[in-house]
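The next block holds one structure in the form of structure tokens; read it before the comments.
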Amino acid sequence: MQGALSGFFTIGAIVIAGVLLAHFKVLGDLQRALLSRLAFLVASPALLFSLVAQADLAHLFSRTLVVSVLAIAITGAGYLVAARWLGGPANARTVIGTLCACYTNAGNLGLPIAAAIMGDMTWMAPIMLVQIGIMQPTALAILDTRAARHAGEPMAWHSYLTLPLRNPITVAVLLAVVVNLSGLTVPALLMAPIQMVGGIAVPAMLLAFGVSLRLDPLPGRGPHLREVALIQLAKVVVHPLLAWGLGVGFGLSGPELLAVTVIAALPAAQNIYVIASRYEVGEMLARDSIFVSTMLSVPVITLVSAALGG
């Protein structure tokens with residue numbers, strides 16, 4: 001478990017650095033916006049391209065992925081029903097809440113935890129591809145559509161089909177999948193700068209997150225507290241329990257059952273806050289949900305690892 005806790009410590013250290021930089025007025029709202037835009041429009045596409053282009057896509061056809069996808073779908077649907085019952089009709093904010101409820105931090109936190117608990121980081125590759133290749137583009141397309149409607153811009157039917165292609169993250173993932181499936185090898189001379197730019201994505205997200213913790217109201221305050229509580233119930237309790245139950249039902253055991261349960265128990269991903277900031281919707285909801293789920297996931301993942309033999 002030392003390696004897993006090391007992953008939590010690394011993330012926390014960078015977030016605290018953002019808090020301190022904001023406290024001493026080195027970074028402010030302008031710099032936070034710059035970090036978020038840089039992460040969303042430049043660094044994240046570069047990072048995702050470099051990861052997906054070299055990933056083992058054979059993992060996409062495993063039983064563990066079927067279980068993980070079903071757990072995500074059921075958790076997300078359950079959150080939508082509960083959110084509709086508590087807060088009324090769905091809106092752009094609901095998209096952010098749904099992502100927080102079932103979109104796991106499989107990258108910068110999941111990879112070190114997979115290495116520490118399962119002894120193999122490739123367990124995270126399939127879920128990362130599903131999230132960045134399907135879930136995130138779908139959410140971005142919905143948010144783009146709502147943003148266009150809110151701005152009063154008329155949209156022809158074919159414009160909806162091309163919305164995902166106007167998002168740099170989606171384009172990067174699609175290009176990477178094409179490169180991967182075609183067997184092409186990106187020259188090292190070209191991949192090196194792409195990986196270098198992608199390397200700033202996670203630190204930029206975490207620093208922006210830390211700045212938000214200092215400049216905005218502290219977590220646990222505000223009118224969104226009930227939504228945050230609902231998201232924690234979905235993400236930290238329901239999601240891993242569903243993954244475990246479905247895994248048992250699909251005949252998984254040993255490392256496979258451990259993997260799907262740990263993946264589901266991971267907290268909400270930091271890039272959800274970047275998305276919320278980009279579209280200026282549900283920013284505090286995303287920030288507080290990520291913060292609380294990260295804190296709660298530490299004992300949950302520790303318990304899962306002890307119970308299933310990590």
For the stretch 284-298, name all the residues that are surrounded by fewer than 24 Cβ atoms within 10 Å (Cβ to Cβ) and at pLDDT below 90.
MET284, PHE291, THR294, MET295, VAL298
Need a quick list: helices (runs of 4 or more DSSP H) entirely within the stretch 130-198 having at least 3 residues that are modelled with pLDDT under 90 and over 17 Å from ALA46 (Cβ atoms).
136-150, 157-162
Residues LEU207, LEU233: which one is under 21 Å from the mean Cα position of the chain (by Cα), at pLDDT 85 or above and either under 17 Å from ALA276 (Cα atoms) or assigned to a loop (DSSP other than H, G, I, E, B) (or both)?
LEU207
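Take the residues of the stretch 240-276 that are in a loop (DSSP other than H, G, I, E, B) and in contact (Cβ under 8 Å) with a residue 60 or more places away in the chain: which is surrounded by the fewest Cβ atoms within 10 Å (Cβ to Cβ)? Spell out the reasoning first.
So in the stretch 240-276, the residues in a loop (DSSP other than H, G, I, E, B) come out as 250-253, 266-267, 269-270.
From what's left, in contact (Cβ under 8 Å) with a residue 60 or more places away in the chain: 250-252, 266-267, 269-270.
Numbers: PHE250: 15, GLY251: 10, LEU252: 22, LEU266: 27, PRO267: 28, ALA269: 28, GLN270: 27.
Looking at residues that are in a loop (DSSP other than H, G, I, E, B) and in contact (Cβ under 8 Å) with a residue 60 or more places away in the chain, I get GLY251.
The values are calculated or read from the model by the stated rules, or taken from the named source; none is laboratory data. What you see is a predicted model, and the numbers here were worked out from it, not measured in a lab. Here the Cβ is made from the backbone with ideal geometry for all residues, glycine too, and neighbour counts use every protein chain on show.
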